[in-house]
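Please read the structure below before turning to the comments.
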Amino acid sequence: MRRQGRWATLVIAALVLGSAFPFFRAIAGSLTPEAQLFEGAPLWPSPAVLDHYHALFTERAFWLPIRNSLVVAGATTLFCVTIGSLCAYALARLRFRGKALLLGVILAVSMFPQIAVVSPLFLLLRSIRLIDTYPGLILPYLTFAMPLAVWLLVGYFRQLPAELEEAAMVDGASRLRAFREVIVPLALPGLAATAILTFVYSWNEFLFALSFTLGPERQTVPVAIALFRGQYQVPWGQVLAAAIVATTPVAVLVLAFQRRIVQGLTAGAVKG
Amino acid sequence: MPSAEPRGVERREARLAYGMVAPAVATILLVALFPLSWTIWESLHLHDLRMPWLGQPFVGLANYADVLGDRRFWGAMAHTAWFALASVSLELVLGCVLALAMNRTFRGRALVRASILIPWAIPTVVAALVWRFMFEGLEGWLTHDVLAWVPVILADTWKETPFVALLLLAGLQGIDPTLYEAARIDGASAWRQFRFVTLPLLMPAILVALIFRTMNAFRVFDLIYVLTGGGPGTATEPIALYTFNSLMHNLRFGYGSTLSVLVFLVTFALALGYIRLLGRELTETRS
């Protein structure tokens, strides 16, 4: 038992260090002066400078992709959680014909390879002049965000005891009112976890954002970083600074809600 | 519940249900099923945005025949399969080790769980850039046909192992601890306990992780687009990237859609397996 415990500690320490190392390199790189970066970046820079972060917001106008990402991911999340929770409640609690089929379709759609719908979405958005606009990103994002939200929410709603809304309905409340006033407040942690996962997936999305935007005006954070170009070579200092900036909100959300997120992920593993 | 009008109540409930699912269903029809049918339709036509004067004639299965004779397509398929095999097996082994190590109470477990979740949660683009940065310093790796795979597979393993570990950890926590006690009383060694108690009972979780990860590995795009760009040449080009290039760079929408349909079919086959497994799990645990 003793020996086993030590073995486990060693494994965990090794894997945690291993998964932290790339972050350490990225942070170190983002603080390294430009000149040192070109002659092989040192393990830790001396002096550590904030130049790249400064340049990111002055020269690169990095707040623009951040704003775009916030708008697109925020709107997608809001839409999916409201519309999705109605659908999920019906799937979790009400009896109707075609329920199993609908659940199957939703699960199947959540696994659609995005590449399979890129071309028609492009033609569709082009014909209604939505290329390089916010709705032109939010609409495609629903392909993966809507099934994800519904699927996760069905799981959360099923965990709540059915007696609660039955009691409310015996007291004369309608189904919808019982849903709004009894279920929604109780499911709030589940709704929050769903919102966070939907937001994270939308924040991280790359293929659609790359295909349906034309320039910096509407580019999201991942696209902006991936397309960073210097005059002669990749401006690594700024790229890494941007990577850290893009990671921070996601990391904070995940750390704050990790228990809920893990529950949601393992209960209805939809996305990897 | 008053039982005077059970059929009326039932019908009312169903009507309410249809009303509640309608907006989500309409959304999914509009943004997923309609575009997918359109892709299939495109794949049966010649449609080249660079040559609009050709129009969009129906060509039957000609695009599919072309794909079968396309060496770059077969190369991309082979790259994808190889990438999936290498990264998914690494992730499963490491994820299993990590899950076993975490399946005990120790101080700081929540912290460990949180810290391994971060790579999983960050944008794939960021992961790809960080690994490219680390390998760009090493002369010759990213420009070598075979060695260029190393950062790609490492980056994917780094990012996806936590997810596998958490899935397996959930599976481990569902195993009845008295089984281990019984095995210990019978004098089973730690290895035999793992082999004959843990492994068989963990199988469903392992299968779910396996299919799920394989499906995602098959769609790999962001990671390779940013890390190697599919290069050197097309040495690390996966099928999703080839499809993207055919569509958005060469603007061959008919041909690119054909590639899309093939990617879809492979993923769909994997998804069916996944849904059947998950369906079994769901009916066992949730009904």
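Annotations
Residue-wise test of (1) within 8 Å of chain A (Cβ to nearest Cβ); (2) in a helix (DSSP H, G or I).
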residue	(1), (2)
B:Asp145	no, no
B:Leu167	yes, yes
B:Ala188	no, no
B:Leu210	no, yes
B:Ala217	no, yes
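- Count of the range A:87-112 residues which are part of a helix (DSSP H, G or I), free of Cβ contacts under 8 Å to residues at least 60 places away in the same chain and of a type in the set (A, V, I, L, M, F, W, C): 9
- Leading residue by the ranking (farthest from the other protein chains (Cβ to nearest Cβ)) among those in the range A:207-225 that are farther than 14 Å from B:Met248 by Cβ and under 20 Å from the mean Cα position of the chain (by Cα): A:Arg218
- Of all the listed residues (A:Leu121, A:Leu86, A:Leu102), the sole one being within 16 Å of A:Thr194 (Cβ to Cβ) and either surrounded by 16 or more Cβ atoms within 10 Å (Cβ to Cβ) or among the charged types (D, E, K, R) (or both) is A:Leu86.
Here's the yes/no breakdown for (1) aliphatic (A, V, I, L, M); (2) more than 10 Å from chain A (Cβ to nearest Cβ):
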site	(1), (2)
B:Leu117	yes, no
B:Val125	yes, no
B:Glu136	no, no
B:Ala148	yes, yes
B:Val152	yes, yes
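- Residue in the range A:36-50 that is more than 7 Å from chain B (Cβ to nearest Cβ), without any contact (Cβ under 8 Å) to a residue 40 or more places away in the chain and small (Gly, Ala, Ser) present: yes
- Residue satisfying condition, being of a type in the set (Phe, Trp, Tyr) and touching a residue at least 24 places away in the same chain (Cβ under 8 Å), within set A:Phe79, A:Phe24: A:Phe79
- Per the listing B:Val88, B:Val126, B:Val130, the residue uniquely within 27 Å of A:Leu197 (Cβ to Cβ), in contact (Cβ under 8 Å) with a residue 40 or more places away in the chain, surrounded by 22 or more Cβ atoms within 10 Å (Cβ to Cβ) and of a type in the set (Val, Ile, Thr) is B:Val88.
- Here the helices (runs of 4 or more DSSP H) wholly within the range A:113-230 that include at least 2 residues being closer than 20 Å to B:Ala240 by Cβ and not aromatic (Phe, Trp, Tyr) are A:115-127, A:135-159, A:188-204, A:207-212, A:221-226.
- Single condition A:Phe38 does not satisfy, out of (1) surrounded by 15 or more Cβ atoms within 10 Å (Cβ to Cβ); (2) more than 30 Å from A:Ala149 (Cβ to Cβ): (1)
- Residue check, B:Trp82 assigned by TED's automatic domain parsing to the domain that holds B:Gln173, aromatic (Phe, Trp, Tyr) and either in contact with a helix residue (DSSP H, G or I) (Cβ under 7 Å, 6 or more places away or on another chain) or under 30 Å from B:Phe163 (Cα atoms) (or both): yes
- All of (1) over 21 Å from A:Pro113 (Cβ atoms); (2) part of a helix (DSSP H, G or I) hold for B:Ile175 with one exception: (2).
- Being away from chain B (no Cβ under 11 Å) and either assigned to a helix (DSSP H, G or I) or hydrophobic (A, V, I, L, M, F, W, C) (or both) is a description that applies to A:Val71.
The values are calculated or read from the model by the stated rules, or taken from the named source; none is laboratory data. This structure is a prediction, so every number in the text was calculated from the model and none was measured. Cβ: placed from backbone, ideal geometry, glycine included. Neighbour counts: every protein chain shown.
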